[in-house]
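Asker: Got a structure here, written out as structure tokens. Questions coming.
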Amino acid sequence: MNLKNITLEEFLKHKTLYYDKIDYSYIKKASDILYNHVKLPFIIHIVGTNGKGSTGRFLAHYLFKNDYKVLHYSSPHIKKFNERIWLNGFDVDDETLQKAHKFLQNIYDEELLEKLTYFEYTTLLSFFISKDCDYLVIEAGLGGEFDATNVVKNDLSLITTIGLDHISFLGDTIEKIARTKMRSVDKKMIIGYQEFNEVYQTALKVKKELKTEFNKDIEILKVENFNIDYNFTFASYLKRNLSLVLKVLEELNLPINLEIFNSTPLFGRCQKINNNLFIDVGHNPLAAKVLLKEFENKKINLIYNSYADKDYKEVLTILKPIIKSIYIIDLEDKRVVEKSKLIEVIKDLEIDLKQNFEIKKDEEYLAFGSFLVVEKILEIVGYENS
């Protein structure tokens, strides 16, 4: 199929969303070509297991409210592709996307267009669209060192909470995962809240590795205070991520006005979308732990499903103290765990499993487990993000 003369929507339908291995050569070649045509702004790269999306949005929102032009690139999206590229306060419009797509089609040959994955191509779109910005805030996809987002030189790297996730790609220990992510650092890393001390220890090892291998003199900064004494309107656990952002603003020599953060659009981050329904796009034990704290001393009805490669048993074990009952939301995706296996875990944990999904006015509900779970529940309740 000729990929040169089709719309972005049609083009992305032919792209690989999920893959078993990463070939860094194609995104490297494509980015080198793009650099001959555009100059990128100051780049802030965010890597970690949890908290990347909210950290990036807090930061991008604050920069925008302080009259900077800023693009925040994140993934995946919940309802519409445009959510991945947040430009100067709004999801990017279709016209801007099509113009960027047309430009990339013109500078890349057919073979390269064919080889680039879905995520790699959309990353290149964000790079091109950011050309007139002051800041580009980019969130890594799976990892760090060989992630498509790391094909650019980063001015500042942010390390959010690191835990065990995507172990087939990143490694089966905290140290291996942290090393893979931190080897994406080019100049300076700021380390935010961590559950595991190994993350800090690994940072020192990576600093030595990068000095030896690439003569990079990496500077390491740590956020020391995660307690912010201010009345925010968002979930309390997000203060951990905000603490990292405040450290970034300090590094950028920008004044701090905490009230600005209260207007940050945080779609899908422990978001209350009506009187008794919360949504959260988290999907791993780290996310479960913060939700356990957020809903402590409460009983909620959990609307849940999980990808097969996630530790869903551990997630449900963590959440059990706050679960009144659980509904399994059916999802059409080959990556989702077999329903019978999920039911077996629920029964073993002695959690009340409800068969017929309904939302009652006098009870509270939480949709959690993946972006797909949240997307499905929003479709069911007819919610539109304004």
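Asker: Surrounded by fewer than 18 Cβ atoms within 10 Å (Cβ to Cβ) and either closer than 21 Å to residue 118 by Cβ or in contact with a Gly (Cβ under 8 Å, 6 or more places away or on another chain) (or both): which single residue out of 209, 195 fits that description?
Answerer: None of the others qualify; the one that does is 195.
Asker: So which residues in region 289-331 are open to solvent by 40 Å² or more (accessible area, probe 1.4 Å) and of a type in the set (S, T, N, Q), if there are any at all?
Answerer: 297, 317
Asker: Another one. Within region 85-112, work out how many residues are of a type outside the set (Lys, Arg) and assigned to a helix (DSSP H, G or I).
Answerer: Looking only at that region, the number is 15.
Asker: Got a sec? Which of 324, 376, 310, 334 is farther than 18 Å from residue 272 by Cα and modelled with pLDDT of 90 or more?
Answerer: Criteria check complete, one pass: 324.
Asker: Kindly check whether there is at least one residue in region 18-29 that is among the charged types (D, E, K, R), under 30 Å from residue 280 (Cβ atoms) and outside any helix (DSSP H, G or I).
Answerer: yes
Asker: I've got another one for you. Given the conditions (1) in contact with a Leu (Cβ under 9 Å, 6 or more places away or on another chain); (2) in contact (Cβ under 8 Å) with a residue 24 or more places away in the chain, report the number of the one that residue 256 does not fulfil.
Answerer: It fails just one condition, (2).
Asker: Please enumerate the residues belonging to region 360-386 that are among the hydrophobic types (A, V, I, L, M, F, W, C) and either farther than 29 Å from residue 51 by Cβ or touching a strand residue (DSSP E or B) at 6+ places or on another chain (Cβ under 6 Å) (or both).
Answerer: The answer is 366, 367, 368, 373, 374, 377.
Asker: Moving on. Could you say whether any residue in region 119-127 is over 19 Å from residue 76 (Cα atoms) and among the hydroxyl-bearing types (Ser, Thr, Tyr)?
Answerer: no
Asker: Hey, does region 141-157 have a residue that's modelled with pLDDT of 95 or more, in contact with a strand residue (DSSP E or B) (Cβ under 6 Å, 6 or more places away or on another chain) and closer than 12 Å to residue 48 by Cβ?
Answerer: Yes, some residue in region 141-157 is modelled with pLDDT of 95 or more, in contact with a strand residue (DSSP E or B) (Cβ under 6 Å, 6 or more places away or on another chain) and closer than 12 Å to residue 48 by Cβ.
Asker: Residues of region 19-66 being touching a strand residue (DSSP E or B) at 6+ places or on another chain (Cβ under 7 Å), open to solvent by 20 Å² or more (accessible area, probe 1.4 Å) and among the hydrophobic types (A, V, I, L, M, F, W, C), which ones?
Answerer: 40, 42, 64
Asker: Inside region 103-138, can you point out the residues that are open to solvent by less than 10 Å² (accessible area, probe 1.4 Å), in contact (Cβ under 8 Å) with a residue 60 or more places away in the chain and not hydrophobic (A, V, I, L, M, F, W, C)?
Answerer: 105, 108, 121, 122, 123, 130
Asker: Only one of (1) more than 22 Å from the chain's Cα centre (by Cα); (2) closer than 20 Å to residue 295 by Cα; (3) open to solvent by less than 20 Å² (accessible area, probe 1.4 Å) fails for residue 342. Which number is that?
Answerer: (2)
Asker: Right, here's the next one. Condition first: acidic (Asp, Glu) and surrounded by fewer than 18 Cβ atoms within 10 Å (Cβ to Cβ). Can you find one or more residues in region 280-288 that meet it?
Answerer: no
Asker: So for region 159-177 (the condition being in a strand (DSSP E or B), open to solvent by less than 20 Å² (accessible area, probe 1.4 Å) and closer than 23 Å to residue 66 by Cβ), does at least one residue qualify?
Answerer: No, region 159-177 has no match at all.
The values are calculated or read from the model by the stated rules, or taken from the named source; none is laboratory data. In this text, all values refer to a predicted model and were calculated from it rather than measured experimentally. Methodologically, a virtual Cβ is constructed for each residue, glycine included, from the backbone with ideal geometry; neighbour enumeration extends over all protein chains shown. Heavy atoms of the whole protein, side chains included, go into the accessibility calculation; ligands, DNA and RNA do not. Shrake-Rupley method; radii C 1.70, N 1.55, O 1.52, S 1.80 Å.
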